[in-house]
1. Which of the residues belonging to the range 1-23 are under 8 Å from the mean Cα position of the chain (by Cα), of a type outside the set (Val, Ile, Thr) and open to solvent by less than 40 Å² (accessible area, probe 1.4 Å)?
2. What single numbered condition from (1) open to solvent by less than 70 Å² (accessible area, probe 1.4 Å); (2) within 11 Å of THR15 (Cα to Cα); (3) of a type outside the set (Ser, Thr, Tyr) fails to hold for ARG40?
3. Do the conditions hold for TYR35, that is, is it of a type in the set (Ser, Thr, Tyr), open to solvent by 70 Å² or more (accessible area, probe 1.4 Å) and within 11 Å of the chain's Cα centre (by Cα)?
4. What number of residues within the range 22-37 are closer than 18 Å to HIS5 by Cβ, at pLDDT below 95 and of a type in the set (D, E, K, R)?
5. When you scan the range 1-28, how many residues do you find that are farther than 20 Å from VAL62 by Cβ and either part of a helix (DSSP H, G or I) or touching a Cys at 6+ places or on another chain (Cβ under 8 Å) (or both)?
Amino acid sequence: MARQHNWKAVILVTTPDHARRAMLRVSRCFSGDVYVVTSRLPLSRWASAIPYQWVATGKALVFERD
């Protein structure tokens, strides 16, 4: 889609716990600028979100390279 519309940058909107992994994944297939804007993650979700994102980020770095 970025190539089709000649985009030079994209903005990702996600939660703070997912921002780093989202940027990693998009930057692997998009050569333009990638910006991340975060929305609030309810406090009740932080306890489960952080460990999940650590594991998912490790998986993305080691196993899901393309």
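1. Residues of the range 1-23 that are under 8 Å from the mean Cα position of the chain (by Cα), as a first pass: 12, 14, 18-23.
Cutting the leftovers down to of a type outside the set (Val, Ile, Thr) gives us 12, 18-23.
LEU12, ALA19, ARG21, ALA22, listed by residue number.
2. Of (1) open to solvent by less than 70 Å² (accessible area, probe 1.4 Å); (2) within 11 Å of THR15 (Cα to Cα); (3) of a type outside the set (Ser, Thr, Tyr), only one is false for ARG40: (1).
3. It is true that TYR35 is of a type in the set (Ser, Thr, Tyr), open to solvent by 70 Å² or more (accessible area, probe 1.4 Å) and within 11 Å of the chain's Cα centre (by Cα).
4. Looking only at that region, the number is 0.
5. In the first step, residues of the range 1-28 are kept if they are farther than 20 Å from VAL62 by Cβ; the result is 1-16.
From what is left, the residues that are either part of a helix (DSSP H, G or I) or touching a Cys at 6+ places or on another chain (Cβ under 8 Å) (or both) are 2-5, 16.
So the count comes out to 5.
The values are calculated or read from the model by the stated rules, or taken from the named source; none is laboratory data. Please read all numbers here as calculations on a predicted model, not as lab measurements. So basically every Cβ, Gly included, is an ideal-geometry build from the backbone, and we count neighbours across all protein chains shown. What goes into the accessible areas is simple: the full protein's heavy atoms, side chains included, and nothing from ligands, DNA or RNA. Shrake-Rupley method; radii C 1.70, N 1.55, O 1.52, S 1.80 Å.
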